[in-house]
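The values are calculated or read from the model by the stated rules, or taken from the named source; none is laboratory data. This one's a predicted model, so the numbers in the text were calculated from it and none came from an experiment. Note that each Cβ is placed from the backbone with ideal geometry, even for glycine, and that neighbours are counted across all protein chains shown. Just so you know, the surface numbers come from the protein's heavy atoms only, side chains and all, with ligands and any DNA or RNA stripped out. Shrake-Rupley method; radii C 1.70, N 1.55, O 1.52, S 1.80 Å.
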2 protein chains.
Amino acid sequence: MTNIVVLGAGVMGSALCIPAASNGHAVTLVGSPLDDPIIDSLLATGHHPTLDFDLPPAIKAVKNTDCSAETLVSADVIILGVSSPGVGWAVEKTRSAEAAPTLVSLVTKGLQPTPSHNGVPLTYVDTIPQSLDISADKLVGIGGPCIARELALGFPTRVVFGSTQLGAATTLREIFQTDYYRIKTTHDVVQLEACAALKNFLCIGVSAMLGAHTTENSSAKNPVAALFNQAVLELRTLSEWIARASESAGQQATQDNMAFDLAGMGDLHVTVGGGRNSRLGYYLGQGEAMDSILQNQLLNVTVEGVDTGKCIASAVQSACDEGTLHHKDLPLTLAVLASITTGAQFEFDMAQLPA
Amino acid sequence: MTNIVVLGAGVMGSALCIPAASNGHAVTLVGSPLDDPIIDSLLATGHHPTLDFDLPPAIKAVKNTDCSAETLVSADVIILGVSSPGVGWAVEKTRSAEAAPTLVSLVTKGLQPTPSHNGVPLTYVDTIPQSLDISADKLVGIGGPCIARELALGFPTRVVFGSTQLGAATTLREIFQTDYYRIKTTHDVVQLEACAALKNFLCIGVSAMLGAHTTENSSAKNPVAALFNQAVLELRTLSEWIARASESAGQQATQDNMAFDLAGMGDLHVTVGGGRNSRLGYYLGQGEAMDSILQNQLLNVTVEGVDTGKCIASAVQSACDEGTLHHKDLPLTLAVLASITTGAQFEFDMAQLPA
């Protein structure tokens, strides 16, 4: 039996508790300071309100303020189960344990801008181990198409766990894998993390086709499929660019690019047509300006693809200027970036795509 | 101005007339012997009943029996616009022209079993030029995500034209490309054709996840995305296997596998969730046996993925026995084949996928 602590009681962190608990491990779900209403509900009735699901009673729910040092110290595995705005809290919480856990994993998706590395953003694989003072090979990234509620409902789900040395990902797989939660492993964790973050960003452009062309009688399948394909190809270009700047990527490149696997193509498939990034894209496709949408329909909503876009914008521009990236390979990326950086409408013409 | 004859007045052949006509070319749409009701409607009112669209008056509709030798002889380009059961008719019609046209193209998707080539099925690129007594470089294959009605409605659509020498595909692109119908070209036409045929077959397995897991409140996105990804990877394996046996593929392999492009991933994206192959998969996912579905809900319906499955079944088995293909790379393919060859239920467990 392994002691697992999940930090952050949002839908994804909470759903991830379920396979581990059903494998008989001891799971503690610690709410962030924003999660008090969720933990209150779990303590009162076992019901998770945003997941709309009753968590198994074996999962121990704890409020941030009630989380003892002992809980964290005794954890063999700590999962950062927050979305990107919560990373600071989750890292601080993990650091508060006197002894480092055997493994740290994260469901958080995002990139971090760095003044070093020629401005190329880095994934959490390059930044979180430093913050936690653990070696990079103890961090396991999680990617792939996984809507939290479907995982909670036990729908067959297949994801990918990655670590720079395969050992950590394999160990975590043994803890989490069930008959419905299937786990592939990779050592290409840098590209896994890059794809996981960038797919939210590119989803905005693909989903714009839904807003622009959906009618009562048609769901605009031709334009969506064309840009889905283009997004996957650009995901490859961008994730390889990020991996080249990463100290953790090293010789980890695999034969198959992650963009063509679960963390890229697979995750983009579930992201288009559902969630906040897709909603933003839909409104853009209807002709509304980025600024207007973020100040109205999506006011106070975290749209991770926008944050990712802001994070990569100037570095992509510099790389295009230097010739390490090429405009012709990134028409969709550049169109989404233009809308994010100017706050204007999303301008994209299929004719921009290469012949 | 180019003289274009499209053979077959089904939805795809008919929709394809529209961009060519709007570019000012002379387009004649010749109905197959089964298309008389469509041609009657076009002649009477201009309305295409199955496309549910009024074709531009510049497109000249002609019944099979009214198609003069002159119409065919004067054609610069002949498009085989039929689905696979109509190929025999379209080839005979093309051969009846005394002079071979400059270019022949086809929207037909399918594979042909061959006793030669170790039983590995061939694409139309290897078989149709022989039947027509033209050189292989005059044949242009068409792939990519294109629902005919969306093309007719002018939705932005992006496809790929392929020919063994790029010249033919480029020439045809100049004739057909409009602001809404965008065309990429490739010389990897064998893999293009292989992907175009195989995506119908693999769609059956992906769509089974919809039937197995869709509920009132959820559309089973996790299982569909996982198998969508797996299907694309198997599409690559199978299309490379077919290309290795093809005399037309030669040195044509491109850096990017076609499976990751419009004719593979892109077309699979529109195929899952719409059309006959997807309907078959849905019923299979609900637990019905293949034989029962084909004798009831889909009685007398051409399900091209089933025909493709029958065509490749024994060759895939032999290749696995010989070690030129590997079971571990093709779990979804083998599960769909098992259902097709036995007529039984579709048995698939996500745990079969590689770790």
With no solvent term and unit scatterers on the alpha-carbon positions of segment B:222-306, Debye gives log₁₀ I(q)/I(0) at q = 0.12, 0.16, 0.24 Å⁻¹ of -0.47, -0.76, -1.15
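Relative contact order for segment B:1-81 using alpha-carbon pairs under 8 Å, separation at least 6, rounded to a whole percent? Show your work: numbers first, answer last.
Values: 150 pairs, mean separation 34.4, N = 81.
With pairs under 8 Å counted, the relative contact order is 42 percent.
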Net charge of Cβ neighbours under 11 Å - reference B:PRO85; Lys, Arg +1; Asp, Glu -1: -2
Output needed: percent of Cα pairs per 10 Å distance bin for segment A:262-307, bins running from 0 to the one holding the longest distance. 26, 53, 19, 2
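When DSSP assigns beta bridges and you keep just the ones with both residues in segment A:15-147, what percent turn out antiparallel, to the nearest 5?
Numbers: 4 of 14 bridges.
Looking only at bridges with both residues in segment A:15-147, the antiparallel portion is about 30 percent.
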Area accessible to solvent at A:TRP241, 1.4 Å probe radius, in Å²: 10
So for R0 = 56 Å, FRET eff. of A:ASP54-B:GLN130 from the Cβ-Cβ r, to 0.05, ends up at 0.30
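Sum up the charges of everything whose Cβ sits under 11 Å from the Cβ of A:SER239, counting Lys and Arg as +1 and Asp and Glu as -1, but leave A:SER239 out.
On the way: positive: A:LYS199, A:ARG236, A:ARG244; negative: A:ASP188, A:GLU193, A:GLU234, A:GLU240, A:ASP261.
Summing Lys and Arg as +1 and Asp and Glu as -1 gives -2.
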Would you mind giving the total buried accessible surface between chains B and A, with a 1.4 Å probe and ligands, DNA and RNA left out, rounded to the nearest 100 Å²? 4000
Quick check: residue separation of B:HIS326 and B:ASP66 times 0.36 nm, minus the Cα distance between them. What number comes out in nm? 88.5 nm
Rounded to the nearest 10 Å², the 1.4 Å probe accessible area of B:VAL306 is 10
Just grab the label-to-label distance for B:ALA289 and B:ASP349, each label 7 Å out from Cα along the Cβ direction, in nm (one decimal). 2.2
Could you work out the relative contact order of chain A, using alpha carbon pairs under 8 angstrom and six or more residues apart, expressed as a whole percent? 15
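Sort B:145-158, A:162-175 for me by packing, meaning the mean count of neighbouring Cβ atoms within 10 Å per residue, highest on top.
Ranking the peptides B:145-158, A:162-175 by packing returns B:145-158, A:162-175.
Arrange the residues A:GLU347, B:GLU247 by how much accessible surface each exposes, largest first, with a 1.4 angstrom probe.
Sorted descending by solvent-accessible area, the residues read B:GLU247, A:GLU347.
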So how much slack lies between A:MET1 and A:SER96, counting 0.36 nm per residue of separation and subtracting their Cα-Cα distance, in nm? 31.9 nm
Nearest 10 degrees is fine. How inclined is helix A:189-213 to the longest principal axis of chain A, computing both from alpha carbons? 50
Take every DSSP beta bridge whose two residues both sit in the protein assembly as shown, then give the antiparallel share in percent to the nearest 5. 25
Go ahead and estimate [θ] at 222 nm for the protein assembly as shown from helices alone: -39,500 (n - 2.57) per DSSP H run with n ≥ 4, summed, over the residue count, rounded to 500. -14000 deg cm²/dmol
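Counting only protein heavy atoms and using a 1.4 Å probe, what share of the accessible area of segment B:246-355 belongs to carbon plus sulfur, as a whole percent?
That share works out to 45 percent.
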In Hz, Karplus ³J(HN,Hα) per residue of segment B:24-39 (6.51, -1.76, 1.60; θ = phi - 60°; x = Gly, Pro): x, 7, 7, 10, 10, 9, 9, x, 6, x, 8, 9, 3, x, 5, 5
What angle, in degrees between 0 and 90 and rounded to the nearest 10, separates the Cα long axis of helix A:11-22 from the longest principal axis of the Cα atoms of chain A? 40
When the accessible area of segment B:126-191 is computed with all protein chains present and a 1.4 Å probe, what percentage of it is carbon and sulfur? 45
Give the dimensionless ratio obtained when the Cα radius of gyration of the protein assembly as shown is divided by 2.2 N^0.38 Å. 1.00
Counting Lys and Arg as +1 and Asp and Glu as -1, each charge on the Cβ, what is the dipole of segment B:132-216 about the Cα centre in debye, to the nearest 20? 120
With +1 at each Lys and Arg Cβ and -1 at each Asp and Glu Cβ, the charge dipole magnitude of chain A around its Cα centre, to the nearest 20 debye, comes out at 380
What is the helix-to-structure angle for B:221-245, meaning the angle in degrees between its Cα long axis and the longest Cα principal axis of chain B, kept from 0 to 90 and rounded to the nearest 10? 70
Identify which of A:VAL120, A:VAL189, A:VAL301 has the largest mean-square fluctuation in a Gaussian network model of chain A, with springs joining Cα atoms closer than 10 Å. A:VAL301
In this model, which of A:LYS93/A:LYS184; A:LYS184/B:LYS328; B:LYS63/B:LYS109; A:LYS60/A:LYS184; B:LYS199/B:LYS310; A:LYS221/B:LYS199 are farther than 18 Å apart at the alpha-carbon? A:LYS93/A:LYS184; B:LYS63/B:LYS109; A:LYS60/A:LYS184
Considering only DSSP beta bridges with both partners in chain B, what is the antiparallel share in %, to the nearest 5? 25
Taking a quarter of the surface of the Cα convex hull of segment B:1-130, what do you get in nm²? 7.9
At a threshold of 8 angstrom on Cα-Cα distance, excluding pairs fewer than six apart, so keeping six or more, what relative contact order does segment A:99-168 reach in percent? 29
Over the protein assembly as shown, average the accessible area per residue using a 1.4 Å probe and give it in Å², no decimals. 36
Using only the Cα atoms of segment A:150-229, what semi-axes does the equivalent ellipsoid have when each is the square root of 5 times a gyration tensor eigenvalue? Give whole Å, largest first. 33, 17, 8
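Summing Lys, Arg as +1 and Asp, Glu as -1, what charge do residues with Cβ under 14 Å from the Cβ of B:LEU172 carry, B:LEU172 excluded?
+1
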Under the rule of at least 5 residues apart or a separate chain, name every residue whose amide H is placed under 5 Å from the amide H of A:ALA61. A:LEU29
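Calculate the dipole size of the protein assembly as shown relative to its Cα centre from +1 charges on Lys and Arg beta carbons and -1 charges on Asp and Glu beta carbons; express the result in debye to the nearest 20.
Values: 38 positive and 68 negative charges, 36 e Å.
The calculation lands at about 180 debye.
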Chain B - Rg (one decimal) and Dmax (whole number), Cα, Å: 19.9, 60
Cα centroid distance between segment B:306-346 and segment A:168-234, in Å? 28
Rounded to the nearest Å, what's the spacing between the alpha carbon centres of segment B:54-112 and segment A:54-79? Just the number, please. 70
